[in-house]
Every structure is written in C-alpha cells, then in structure tokens.
Amino acid sequence: MTLRSLVDKHAPLRMQRLTRNKSKACWFDAECRAMKRETRKLERQYGRLRTQAAKTAWRDHFRRHTGVKRWTSTATMLAVCHVLSGSY
C-alpha cells in the first residue's frame, strides 16, 4: 500500500460548495449591509491612522449603524407579530 492509497481510503477528497455568509435575518437589508460596510471601512481607517478624527468618525457611524439595526429589527418584528396575530 502506498501513502496515497491510504490517504484516499481514510480521507477521500470531497467537493464542497462555498457559500457566502449572508445574514439570515429578514431585517438585515441592503441599507443595513451598506452601513455595516461603511462602519468596517471607518474602523480599518482608524486602525491605520490612529487619529482622534478617524476615531470620532468611526464611533459616530457605529452608533448610527447600531440605531438603524435596532429600529429596523424592531419594526420588522412588530410587522411580523401584527401579521401573525391576524389583525392586519
């Protein structure tokens, strides 16, 4: 037996399909995705520059992003509960 045959027997090569890691949350829409992208960009910029202006820009945008996430998820959940309760 060769090393190759042992590897093929005990750990055969398998094909895997790669998928994008998209959020499954129904409230995580294009607006939230864009805000998250911008927040991460500002965070990286702050990491590179280490200036107070970059830190302030990142923190302010992060707070707005968090507020939008909270509002959007709450509004979505209220709408879902409204539909499920049958009072639409």
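The values are calculated or read from the model by the stated rules, or taken from the named source; none is laboratory data. Computed from a prediction, not measured in an experiment: that's the story for all the values here. Note: ideal-geometry Cβ built from the backbone for every residue, glycine included; neighbour counts use all protein chains shown.
Cβ separations smaller than 7 Å between residues 6+ apart or across chains give the following pairs from segment 26-52 residues that are more than 21 Å from Ala79 (Cα to Cα) to residues that are aromatic (Phe, Trp, Tyr) and part of a helix (DSSP H, G or I): Thr39/Phe62; Leu42/Trp58; Glu43/Trp58; Tyr46/Trp58. Looking at segment 57-88, which of the residues that are surrounded by fewer than 11 Cβ atoms within 10 Å (Cβ to Cβ) and aliphatic (A, V, I, L, M) is nearest to Ala25 (Cα to Cα)? If we take residues in segment 57-88 being surrounded by fewer than 11 Cβ atoms within 10 Å (Cβ to Cβ) and aliphatic (A, V, I, L, M), then Leu78 is nearest to Ala25 (Cα to Cα).
With respect to being touching a helix residue (DSSP H, G or I) at 6+ places or on another chain (Cβ under 7 Å) and part of a helix (DSSP H, G or I), His61 fits the description.
In segment 68-88, the residues that are modelled with pLDDT under 75 form Cβ pairs under 8 Å with partners that are in a helix (DSSP H, G or I) and surrounded by 11 or more Cβ atoms within 10 Å (Cβ to Cβ), at six or more places apart or across chains, as follows: Tyr88/His82. Restricting attention to segment 8-56, the residues that are surrounded by 11 or more Cβ atoms within 10 Å (Cβ to Cβ), modelled with pLDDT of 85 or more and not in a helix (DSSP H, G or I) total 1.
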